[in-house]
């Protein structure tokens, strides 16, 4: 149980375009979802936390107008990178948590390359 | 701002040897997690430590937590090549998770 999927697993887009990444909890209701970014050989950096039906809470330094997060249902959250630039190229990982559970379940990640 | 530091950052060890990875954090925390990440992959959960003095073991890995010292350790016993990966600790406060810097482990035959 507790499976989280991400789509797409990898994406290449041109500079200036937007790309949407989906994160789904397949067998549980995710009241909270987290979005992380990981640059090569670095740690995970929390970008934002979203609760179903509420606006996302962004970490300091993360542009909320550039990284649009929508948590429209208990099983789906989306991250849209708007007007992508090469420096946005990274590995984006989502995770999901149910209620006040202490565990968070990670998706397989999406590798974004902006050319 | 909560800081989570791991050491060493890089670890090269021979098969059969023992070693410990350390995770220090800067403020009180609800829980401490250990994860494994293989190259190009997402994170795999290894341990969740919920209270002071907690110790958990799985195979050749054992994790412990000292909340008073704000320190967690991941001990590797008789390392094998399959343990080569990057290991992260993470601290949970409220609804936020903060990851350590990571330890890249290479086990040499």
The stretch B:35-51: number of residues that are farther than 18 Å from residue A:6 by Cβ and part of a loop (DSSP other than H, G, I, E, B): 2
Complete set of residues in the stretch B:12-21 that are under 14 Å from residue B:86 (Cα atoms), crowded, with 16+ Cβ neighbours inside 10 Å and modelled with pLDDT of 95 or more: B:21
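Okay, residues lined up against (1) under 12 Å from residue A:97 (Cα atoms); (2) over 13 Å from the mean Cα position of the chain (by Cα):
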| residue | (1), (2) |
| --- | --- |
| A:19 | no, no |
| A:31 | yes, yes |
| A:36 | no, no |
| A:47 | no, no |
| A:50 | yes, no |
| A:54 | no, yes |
| A:62 | no, no |
| A:71 | no, no |
The stretch A:4-30: number of residues that are surrounded by fewer than 18 Cβ atoms within 10 Å (Cβ to Cβ) and either part of a loop (DSSP other than H, G, I, E, B) or within 13 Å of chain B (Cβ to nearest Cβ) (or both): 12
Which listed residue is at positive phi and surrounded by 19 or more Cβ atoms within 10 Å (Cβ to Cβ), from B:40, B:94, B:102: B:102
Among residues of the stretch B:48-72, those that are more than 14 Å from chain A (Cβ to nearest Cβ), surrounded by fewer than 17 Cβ atoms within 10 Å (Cβ to Cβ) and more than 13 Å from residue B:29 (Cβ to Cβ), counted: 7
Residue within the stretch A:41-52 that is touching a helix residue (DSSP H, G or I) at 6+ places or on another chain (Cβ under 9 Å) and either over 26 Å from residue B:89 (Cβ atoms) or within 14 Å of another protein chain (Cβ to nearest Cβ) (or both) present: no
Test: residue in the stretch B:33-43 that is within 14 Å of chain A (Cβ to nearest Cβ), at pLDDT 95 or above, farther than 22 Å from residue B:107 by Cα and touching a strand residue (DSSP E or B) at 6+ places or on another chain (Cβ under 8 Å): yes
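The values are calculated or read from the model by the stated rules, or taken from the named source; none is laboratory data. Keep in mind that this is a model prediction, so the values were computed, not measured. Don't worry about glycine lacking a Cβ; one is built from the backbone with ideal geometry, like all the others, and counts go over all protein chains shown.
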